[in-house]
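Accompanying notes for the structure given below.
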Amino acid sequence: MSPETRLLAPEAEQIAYAAMMLAQGRLVAMPTETVYGLAADARNGQAVAGIYAAKGRPSFNPLIVHAPDLATAERIGIFDDAARRLAAAFWPGALTLVVPLRGGSGIASIVTAGLDTVAIRVPAHPVAQDLLYAFGGVVAAPSANPSGRISPTTAQHVMDGLGDRLAAIIDAGPCQVGVESTIIGRQGGKHVLLRPGGLPAETIADCLGEPLASPAANADPQRPEAPGMLSSHYAPGAPLRLNAREAESGEFLIGFGDIPGDTSLSASGDLVEAASRLFDALHRADATGRPIAMAPVPDHGLGRAINDRLRRAAAPR
Ligand code: TXA
Ligand code: MG
């Protein structure tokens, strides 16, 4: 990304600059009340792929979409009465709700990792609010640290970990909460605690008037972001063959680099572009009803995350 990351003060003009960077598909570290987030335009798949590249994340997991208010959130996800009650009680704040993705929301498929649900949060930090309103859109934002490292609660943490890979960091001092938001989802009609976090589970249960359930056995509430831990990870309906150089017997071939295929993740062999197209390509291939073949993708940089995801999608089930 950029060698000259700009360290910005939390004032209107500089926030406007950060919003402009987001609109151009660049990455901005923004303060939230939980931890600093690494934000990209959630409707721009290539920008969001840049988050993975900057963090060096070895796998794709769905990211949290940050919206300035409930009205905006409802244009992205579908809220039932219970979800609205939680939003009314705890937004803005350290609560993330996983709700069905609204059709036509425009959210890039890499944000949801191809799922039909979306995680949304309205942050309470005034600077995050100002940035979202100035940008006029929604951002995907995981914690702004290199993969596997400790979450950042100051701008200096972000600078130390990712300083050379961002357009800007907005320094608004230390985060108040210091741990990530609590994530609540639905499974079998029950509210489940997908990730303990800054808002106590008991407080949420009190609001709902019922205890929170534990996620299904194949999801680990302590490490929901661990590869393969999400119960609902996307897998195509048809078999998927990896490392294919050409299509066999009716296969839909997803190309890469000099293997064109029926569609290509990136004809130029650009791994950031490939990452941003991965889930769309799998969905489109799946929609043909044909078996799917996938050209080899080099196993470095974002290629590692792409291959991790492809191996999961190809695994016997
Ligand atoms: O406090 C926070 O939540 C911070 C700050 C920056 O806002 N953000 C954060 O975002 O932690 P992120 O993107 O790292 O959170 C990703 C986690 C995933 O590991 C997964 O547990 C959950 O959110 N998640 C996202 N989308 C999901 C979905 N559709 N279904 C289930 N879980 C989902
Ligand atoms: Mg994190």
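The values are calculated or read from the model by the stated rules, or taken from the named source; none is laboratory data. The structure displayed is predicted, hence computed values, not measured ones. Cβ atoms come from the backbone with ideal geometry, glycine included; neighbour counts cover every protein chain shown. Heads up: the accessible areas ignore ligands, DNA and RNA and are worked out on the full protein's heavy atoms, side chains in. Shrake-Rupley method; radii C 1.70, N 1.55, O 1.52, S 1.80 Å.
Odds and ends about this structure:
- Value at 222 nm in deg cm²/dmol, rounded to 500, when DSSP H runs of n ≥ 4 in the chain each add -39,500 (n - 2.57): -9000 deg cm²/dmol
- Additional length obtainable on full extension of the chain from GLU11 to GLN187, 0.36 nm per residue less Cα span: 59.2 nm
- Cα lying deepest toward the dipole's positive end in the chain, options ALA274, ILE120, ILE15, charges on Cβ: ALA274
- Ranked by the mean number of other Cβ atoms within 10 Å of their residues, highest first, the peptides 264-277, 180-193 come out as 264-277, 180-193.
- Descending by average beta-carbon neighbour count within 10 Å, the peptides 8-18, 60-70, 95-105 line up as 60-70, 95-105, 8-18, the highest first.
- Assigned charges on the beta-carbon of Lys, Arg, Asp, Glu; the chain dipole about Cα centre (debye): 600
- Where the chain is the region considered: accessible area per residue in Å², 1.4 Å probe: 42
- Taking the charge dipole of the chain about its Cα centre, with +1 at Lys and Arg Cβ atoms and -1 at Asp and Glu Cβ atoms, the residue from ILE110, VAL158, GLY250 reaching farthest to the positive side is GLY250.
- Looking at the chain, the pairs of alpha carbons with a distance over 27 Å make up 42% of the total.
- Sequence-separation-based contact order of the chain, relative, with Cα cut under 8 Å and 6+ spacing, percent: 22
- Within the accessible area of the stretch 1-75, the carbon and sulfur atoms contribute 52%, probe 1.4 Å, all protein chains present.
- Peptide packing for 253-262, 106-115, 135-144 was compared via the average number of neighbouring C-beta atoms within 10 Å per residue; ordered from the highest value, the list is 135-144, 106-115, 253-262.
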